[in-house]
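Take a look at the structure set out below.
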Amino acid sequence: MTRPLVGVLALQGDVPEHIRALTEAGAEAIPIRRPEELDRVDGLVIPGGESTTLWRLSMAFDLLEPVAKRISDGLPVFGSCAGMIMLADRLADGVEGQQTFGGIDMTVRRNAFGRQVDSFETEVTLATDPEPIHAVFIRAPWVEQAAGTVTVLGTDDRTGRIVAVRQGQLLATAFHPELTPDRRIHQLFVDIVKGQQK
Ligand code: GLN
């Protein structure tokens, strides 16, 4: 099978880290800033950053509608942190009028771990893998409620909160696997993309 072409939404956030991680996981990775670029890709990553900024820039760059449309047409998408927020059908603690691309039937709470624990690192055990992942959380959200169609992939070993989910070809983590050398999450996503590759 050829290397799938995966876009990284490059409006804001840790784009180079995702490009490197995807390349190491066997994909060809390119930054996406325009709707025409989006048309070419087999999969898309929405990086961490700040979801309110991602929302506003997506509107300014005419990407809000096209990304939402490709998601509903079945494009595999992986969102980390702010990217998880952008994939949620419902938000808790969003700013006034804040919109997402949507796709995963879940409620995600922004900045859920609170101000005191702005950033922290902990182990996350995935349902699919007994070896825990060392996970970096930065002003992270958690999944407050997930519909029956959503598979809970992982909970934070410390709080028990849902921090990794999958629904069909959509994958989301509250933490940042692009910031650690472990490539299992990006590998899982690239495998999902390969399964949908035309
Ligand atoms: N708190 C940020 C938001 O609401 C997400 C933080 C992150 O992506 N590291 O978008």
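I need a count of the residues in the stretch 116-139 that are within 11 Å of the ligand (Cβ to nearest atom), free of Cβ contacts under 8 Å to residues at least 60 places away in the same chain and not hydroxyl-bearing (Ser, Thr, Tyr).
First pass over the stretch 116-139, keeping only residues within 11 Å of the ligand (Cβ to nearest atom): 118-119, 136-139.
Among the residues that remain, those that are also free of Cβ contacts under 8 Å to residues at least 60 places away in the same chain are: 118-119, 136-137, 139.
Subsequent filtering for residues that are not hydroxyl-bearing (Ser, Thr, Tyr) retains 118, 136-137, 139.
So the count comes out to 4.
All but one of (1) without any contact (Cβ under 8 Å) to a residue 40 or more places away in the chain; (2) of a type in the set (D, E, K, R); (3) assigned to a helix (DSSP H, G or I) hold for Glu96; state the number of the condition that does not hold.
(3)
For Leu126, are the conditions met, namely being buried (at least 17 other Cβ atoms within 10 Å of the Cβ) and modelled with pLDDT under 95?
Criteria met by Leu126.
Can you spot a residue in the stretch 63-83 that is assigned to a helix (DSSP H, G or I), of a type in the set (A, V, I, L, M), out of contact with any Gly (no Cβ under 7 Å at 6 or more places or on another chain) and within 15 Å of the ligand (Cβ to nearest atom)? Step through it out loud before you land on a result.
Here is the first cut: in the stretch 63-83, the residues assigned to a helix (DSSP H, G or I) are 64-72, 82-83.
When the remaining residues are screened for being of a type in the set (A, V, I, L, M), the result is 64, 67-68, 71, 82.
If we keep only those that are out of contact with any Gly (no Cβ under 7 Å at 6 or more places or on another chain) too, we end up with 64, 67.
From what's left, within 15 Å of the ligand (Cβ to nearest atom): none.
Scanning the stretch 63-83, I find no residue that is assigned to a helix (DSSP H, G or I), of a type in the set (A, V, I, L, M), out of contact with any Gly (no Cβ under 7 Å at 6 or more places or on another chain) and within 15 Å of the ligand (Cβ to nearest atom), so the answer is no.
Collect the residues in the stretch 91-106 that are more than 14 Å from the ligand (Cβ to nearest atom) and either surrounded by 15 or more Cβ atoms within 10 Å (Cβ to Cβ) or among the polar types (S, T, N, Q) (or both), keeping them in residue-number order.
Residues satisfying the conditions are Gly102, Gly103, Ile104, Asp105, Met106.
Across the stretch 1-31, which residue is farthest from Val190 (Cα to Cα) among those that are within 16 Å of the ligand (Cβ to nearest atom) and modelled with pLDDT under 95? Quick ask: steps written out before the conclusion?
Of the stretch 1-31, the ones within 16 Å of the ligand (Cβ to nearest atom) are 8-18, 21.
Right, trim to modelled with pLDDT under 95 and you get 12-14.
Details: Gln12: 22, Gly13: 20, Asp14: 18 Å.
Out of the qualifying residues, it is Gln12.
From the set of residues in the stretch 90-123 that are under 16 Å from the mean Cα position of the chain (by Cα) and of a type in the set (S, T, N, Q), which is modelled with the lowest pLDDT?
By that ranking, first place goes to Asn111.
Within the stretch 1-20, track down each residue that is farther than 23 Å from Thr53 by Cα and surrounded by 20 or more Cβ atoms within 10 Å (Cβ to Cβ).
Result: Pro4, single match.
Name the one entry in Ser72, Ser58, Ser119 that is out of contact with any Cys (no Cβ under 6 Å at 6 or more places or on another chain) and within 23 Å of Arg184 (Cα to Cα).
Ser119
Of all residues in the stretch 140-172 being touching a Leu at 6+ places or on another chain (Cβ under 8 Å) and not small (Gly, Ala, Ser), which is farthest from the ligand (Cβ to nearest atom)?
Only one residue tops the list, namely Gln169.
Need the failing condition index for Thr149 against (1) of a type in the set (S, T, N, Q); (2) surrounded by 14 or more Cβ atoms within 10 Å (Cβ to Cβ); (3) over 25 Å from Met59 (Cα atoms); (4) under 18 Å from the mean Cα position of the chain (by Cα), just the number.
(2)
The values are calculated or read from the model by the stated rules, or taken from the named source; none is laboratory data. If you're wondering where the values come from, they're calculated on a predicted model, not measured in any experiment. Note: ideal-geometry Cβ built from the backbone for every residue, glycine included; neighbour counts use all protein chains shown.
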